[in-house]
Each structure stands twice: as C-alpha cells, then as structure tokens.
Amino acid sequence: MCKNLSVNVVKITQETIAHYEGHAQSFWEGTKDHDVSQNIVAFLGACQQNKVLDILDFGCGPGRDVQYFKAVGHRPVGLDGSAAFCQMAAELTGCPILWQNFLELDLPEQAFDGIYANASLFHVPRPHLPEVLDKLHRALRSEGILFTSNPRGDGESVQGQRYGNYMEMETSERFLATANFEILHHYYRPQGLPRNQQPWLAIVSKRN
C-alpha cells in the first residue's frame, strides 16, 4: 500500500478486495451470464470503428467481458485488484491481466483506444477518484473512450465488506469534467423500467 493513503482508505480497500477474494467462484457463477450487451454496444459504438481496438477492462473480475472483446477481434487487457479474479481471467481468456490495486495504478500512457469500467469505479474512495480518473485519462489515446457503469446514489457507504461511492449524474459529470473527459451520452439501467427501478447509471465519455 502507498504510504500516503490514510489508514481508513487502506482498510476499506483491503476489505473490499478481501470480499471478492473470498467469493471469487460464487461471483463468477452469479455474473457470468449477466446480459451487459447494452453496455458493450454503447462502449464499442463510441470507439473508433473499423480497427482492432486496444481495450483496458478496468475491474475485469473473472474475465467475462475480456473474453467477449477478444472473441470479436479486439486486443483486451484486464485489470483487477483481486489476485483470484486475475488468475481466473488469465486462464479463461489467455489475455494479459494486470493485478493492480485501483489506488496504485501503474498504466502506460496513451496505450488504449478505450477503457471499459463496468461496475468497478464506484469502489474507488471518493477522495481518490480524481487521481484515478487522471491516470485513466493519461492511459487513453487522443479522443479515446471511457465507459463507466456504476450503481447510483448519493454518498459513500460500506455494505458488508464492500465500499461504495454512489453518485448521481450531476456529481459524476463534475468528476469527469475535472479529469478532462467530455460526456457523449448516458443512460440508466435496466432498460424499460421507471427511473426509481433503474439503479445503474452508465456514462460514455471521450478523452479531451
């Protein structure tokens, strides 16, 4: 852990990772068949067309979406803070998988055409979100795409062992603008339900 992280942030980050470490197989069984096609279509549709994309799956978990990106001809790299997830993703996909704590990212600059952060960035403690977004911005190529999908709400909380930073659109927009991202569009999930039954907020942004 970085020495400049507060004890509290160290603790909640370790506990969040420990939760996933302890539930890696059940998490895979419970999420491997989730329909995230709306998110993938929104992400890939915003990326440069007719080329093989270098994609970072930020918070890749056991590798479900890395596997999909590879199957449709792109060059995905996964990243997760859970060693168990990284091992599972590497075995499933045969792709490069980076084992990195979200608060200690070490990413090459301008290496990716798109970053797909599905249900992952909300685990970044709010005081450290600007730094993480800045690192993701630097890892993208010019006009690269950042896709985020997170459970929405107002404030930070810990549910069980897992920390969550819950934000509505206005707050999310402020953080993204500060990190020099331009929002292209957003939507709420699941599709076709009243807003109070759509707990997920998805945002497609472009690197300025």
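The values are calculated or read from the model by the stated rules, or taken from the named source; none is laboratory data. Keep in mind that what you see is a predicted model, and the values were worked out from it rather than measured. No Cβ is skipped: glycine too gets one built from the backbone with ideal geometry, and neighbour counts run over all protein chains shown. Surface accessibility is based on the protein's heavy atoms, side chains included, excluding ligands, DNA and RNA. Shrake-Rupley method; radii C 1.70, N 1.55, O 1.52, S 1.80 Å.
Only one entry in LYS11, LYS51 is out of contact with any helix residue (DSSP H, G or I) (no Cβ under 9 Å at 6 or more places or on another chain), farther than 30 Å from ILE183 by Cα and open to solvent by 60 Å² or more (accessible area, probe 1.4 Å), namely LYS11. Within segment 154-208, the only residue that satisfies the criterion of being within 27 Å of GLU15 (Cβ to Cβ), free of Cβ contacts under 8 Å to residues at least 24 places away in the same chain and in a loop (DSSP other than H, G, I, E, B) is ASP154.
The C-beta contact set for segment 3-15 (first residue closer than 12 Å to ARG162 by Cβ and of a type in the set (Asp, Glu), second residue at pLDDT 85 or above and not in a helix (DSSP H, G or I), distance under 8 angstrom, 6+ apart or interchain) comprises GLU15/VAL158; GLU15/GLN161; GLU15/ARG162; GLU15/TYR163.
Starting from residues that are of a type outside the set (Phe, Trp, Tyr) and in contact with a Leu (Cβ under 6 Å, 6 or more places away or on another chain), keep the ones in segment 76-113 and report whichever is least open to solvent (accessible area, probe 1.4 Å).
LEU79
Residue check: is ILE17 open to solvent by 20 Å² or more (accessible area, probe 1.4 Å), touching a Phe, Trp or Tyr at 6+ places or on another chain (Cβ under 6 Å) and assigned to a helix (DSSP H, G or I)? Considered against the rule, which asks whether it is open to solvent by 20 Å² or more (accessible area, probe 1.4 Å), touching a Phe, Trp or Tyr at 6+ places or on another chain (Cβ under 6 Å) and assigned to a helix (DSSP H, G or I), ILE17 comes out as no. A single member of GLU29, GLU21 is closer than 16 Å to ASN101 by Cβ, of a type in the set (Asp, Glu) and out of contact with any Gly (no Cβ under 8 Å at 6 or more places or on another chain), and it is GLU21.
Out of everything in segment 22-46 that is of a type in the set (Ser, Thr, Tyr) and exposed (fewer than 12 other Cβ atoms within 10 Å of the Cβ), what residue ends up being nearest to ALA89 (Cα to Cα)? Write out each step before concluding.
Taking segment 22-46 as the starting set, the residues that turn out to be of a type in the set (Ser, Thr, Tyr) are 26, 31, 37.
With exposed (fewer than 12 other Cβ atoms within 10 Å of the Cβ) added as a condition, the list becomes 26, 37.
Working: SER26: 14, SER37: 19 Å.
Only one residue fits best here, namely SER26.
Among the residues making up segment 186-196, those that are more than 17 Å from HIS34 (Cβ to Cβ) and over 17 Å from the mean Cα position of the chain (by Cα) are PRO194, ARG195, ASN196. Within segment 90-112, residues that are touching a residue at least 24 places away in the same chain (Cβ under 8 Å) reach partners that are part of a loop (DSSP other than H, G, I, E, B) and open to solvent by 30 Å² or more (accessible area, probe 1.4 Å) with beta carbons closer than 7 Å, at six or more positions or on different chains, in the pairs LEU103/CYS2; GLU104/CYS2.
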